[in-house]
Amino acid sequence: MSAPRTTRKALVIGGGIAGPVTALALRGAGVEAEVFEAYGTSADGIGGTFMIAPNGLAALAAVGLAGEVDGIGQPIGRMVMEDGKGGVLAEIPVGGRAMRRAELYGVLQRRLREEGVPVRYGRRLVGVDEGPGGVTARFADGGTADGDLLIGADGTRSVVRGLIDPAAPGPQYTGLVGVGGRSAHRLEGLRGRGESMHFAQGGRAFFGYWALPEGAGTFWFSNIPQPAQLTAEQARAVSREDWLALARELHAEDLPARDVLAEADAASVEVFPRLEIMPSVPHWYRDRMVLVGDSVHAPSNSSGQGVSLAVESAVELARCLESHPDLPGAFAAYEAARRPVVEQVAADAAVVNDRKASAGAGTGM
Ligand SMILES: Cc1cc2nc3c(=O)[nH]c(=O)nc-3n(C[C@H](O)[C@H](O)[C@H](O)COP(=O)(O)OP(=O)(O)OC[C@H]3O[C@@H](n4cnc5c(N)ncnc54)[C@H](O)[C@@H]3O)c2cc1C
């Protein structure tokens with residue numbers, strides 16, 4: 001069944017992950033989509049590393065990307081919880097895939113090109129004009145675009161969220177800094193096979209690691225408690241070398257963190273100075289506008305679900321637009337399907353996050 005005739009064109013604001021997947025899903029549902037991205041060029045090569053859980057992989061398969069996604073990153077069969085000294089506390093089967101954000105981004109951009117979905121760079125949404133027959137997006141460069149509906153896939157600092165509800169909450173700081181990168185360290189035994197992700201709450205910070213394919217070393221990350229949120233300037237003032245030195249200091253008593261960090265490559269270190277979450281958003285849609293992805297539900301990184309929830313919601317939104325004759329009906333069905341799921345994930349992740357953030361004292365940076 002193709003989408004109702006009243007929904008012909010969607011303006012998708014944000015060309016990160018949720019925006020492109022929404023555009024692809026809409027095309028499959030018979031809705032024309034145009035993507036508008038604030039940045040002037042594509043974000044190839046930008047971003048860290050994450051795991052896509054089975055629900056996210058299923059959503060990507062639903063837009064025909066199973067083959068491409070199978071060709072990037074590495075499969076992760078199990079999550080292993082450890083005690084910080086190398087001892088195993090629990091093993092959880094997961095069936096996910098770890099990859100660099102840039103790899104998934106590349107797959108999505110390629111598919112958008114193949115499908116002929118226009119992506120307009122350097123178009124930062126600043127406002128909308130709504131009328132009975134449609135919506136007009138206004139951009140910072142003075143340009144406009146017309147559509148039947150507008151989808152806010154514009155991340156945690158969403159402009160669309162504020163246009164839907166000026167009183168909407170903004171993102172909240174989790175009390176943690178994310179630092180991660182590559183190490184030449186070769187893990188041994190089962191750990192070295194690269195089929196499992198390992199997590200350990202150390203005495204002063206949380207550590208995650210896994211073996212990269214083909215003996216390429218180890219990927220690691222540390223969630224460092226930092227009660228006072230760093231300003232952008234403070235974050236910029238700390239070098240990669242200093243972040244790595246801090247991680248080494250905080251994990252000096254933790255195994256195998258100490259050994260992994262001893263061989264870590266400072267040049268590969270990426271820093272997310274303010275890990276953030278979205279609190280519950282009261283209004284997911286209004287009139288012809290609706291939110292998808294991090295703009296409406298960004299769980300803590302402790303959930304391992306940020307990307308997966310975003311792409312699942314993108315696919316669900318397209319399904320609802322396809323199966324409901326009117327926008328209010330489609331948006332209400334979309335929220336009803338997704339809100340309970342994303343709020344449960346957020347609540348579970350908040351518990352883990354609080355445990356991480358309360359470990360050890362602040363770093364003083
Ligand atoms: C550079 C970067 C690196 C990331 N790295 C990681 C990571 O390592 N691990 C992880 O778990 N998550 C990471 N994330 C977050 C992760 O990608 C998201 O949780 C998930 O992909 C949800 O994607 P999203 O499309 O909803 O939001 P995002 O990926 O944040 O994309 C939102 C897009 O909207 C654009 N945008 C914002 N405002 C406007 C506007 N007014 N007009 C037009 N466009 C606008 C932004 O430039 C961005 O491209 C990263 C996000 C970014 C932007």
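No value in this document is a laboratory result; all are computed from the given coordinates. Remember, predicted model here, so these are calculated numbers, not experimental data. Positions of Cβ are generated from backbone atoms using ideal geometry, with glycine treated the same way; all protein chains shown enter the neighbour counts.
Taking the average, over residues, of other Cβ atoms within 10 Å as the packing measure, peptides 122-128, 339-345 rank 122-128, 339-345 from highest down. Enumerate the residues in the range 275-305 having an amide nitrogen under 20 Å from the point lying 7 Å beyond the Cα of ASP354 toward its Cβ. From the range 275-305, the list is 275-281, 298-305.
How long are the three semi-axes of the equivalent ellipsoid of the range 193-244, in whole Å, if each is the root of 5 times an eigenvalue of the C-alpha gyration tensor, listed from largest down? Each step should come with its number before you reach the end.
Working: eigenvalues 147, 45, 11 Å².
Sorted largest first and rounded, they come to 27, 15, 8 Å.
Against the chain, whose longest principal axis is taken from its Cα atoms, helix 18-28 shows a tilt of about 50°. Taking 0.36 nm per residue of sequence separation and removing the Cα-Cα distance, the ALA66/GLU32 pair yields an extension gain of 10.0 nm.
Treat the count of other C-beta atoms within 10 Å as a stand-in for reagent exposure and order TYR39, TYR173, TYR334 from fewest to most. Write out the running numbers ahead of the final one.
On the way: TYR39 13, TYR173 17, TYR334 23.
Lowest to highest Cβ neighbour count: TYR39, TYR173, TYR334.
Would you mind putting 137-148, 216-227, 250-261 in packing order, based on average other-beta-carbon counts within 10 Å, highest first?
Working: 137-148: 15.4, 216-227: 22.7, 250-261: 21.0.
Sorting 137-148, 216-227, 250-261 by mean packing, highest first, produces 216-227, 250-261, 137-148.
The angle between the Cα long axis of helix 240-250 and the main principal axis of the chain comes to about 60°, on a 0 to 90 degree scale.
Report, in degrees rounded to the nearest 10, the 0 to 90 angle that the Cα long axis of helix 327-357 makes with the longest principal axis of the chain. That helix lies at roughly 10 degrees to the long axis.
Using 1/(1 + (r/R0)^6) with R0 = 35 angstrom and r between the beta carbons of GLU214 and TYR39, what's the FRET efficiency to the nearest 0.05? Write down the numbers at each step before the final one.
Values: r = 33 Å, r/R0 = 0.94.
Once the sixth-power term is evaluated, E becomes 0.60.
Rounded to the nearest 0.05, the FRET efficiency derived from the C-beta distance between ARG258 and ASP165 at R0 = 41 Å is 0.30.
The residues packed around VAL296, meaning those with a beta-carbon under 15 Å from its beta-carbon, carry a net charge of -3 if Lys and Arg are +1 and Asp and Glu are -1. Distance between the modelled labels on GLN234 and LEU89, one decimal in nanometres: 2.9 nm (7 Å Cα→Cβ projection).
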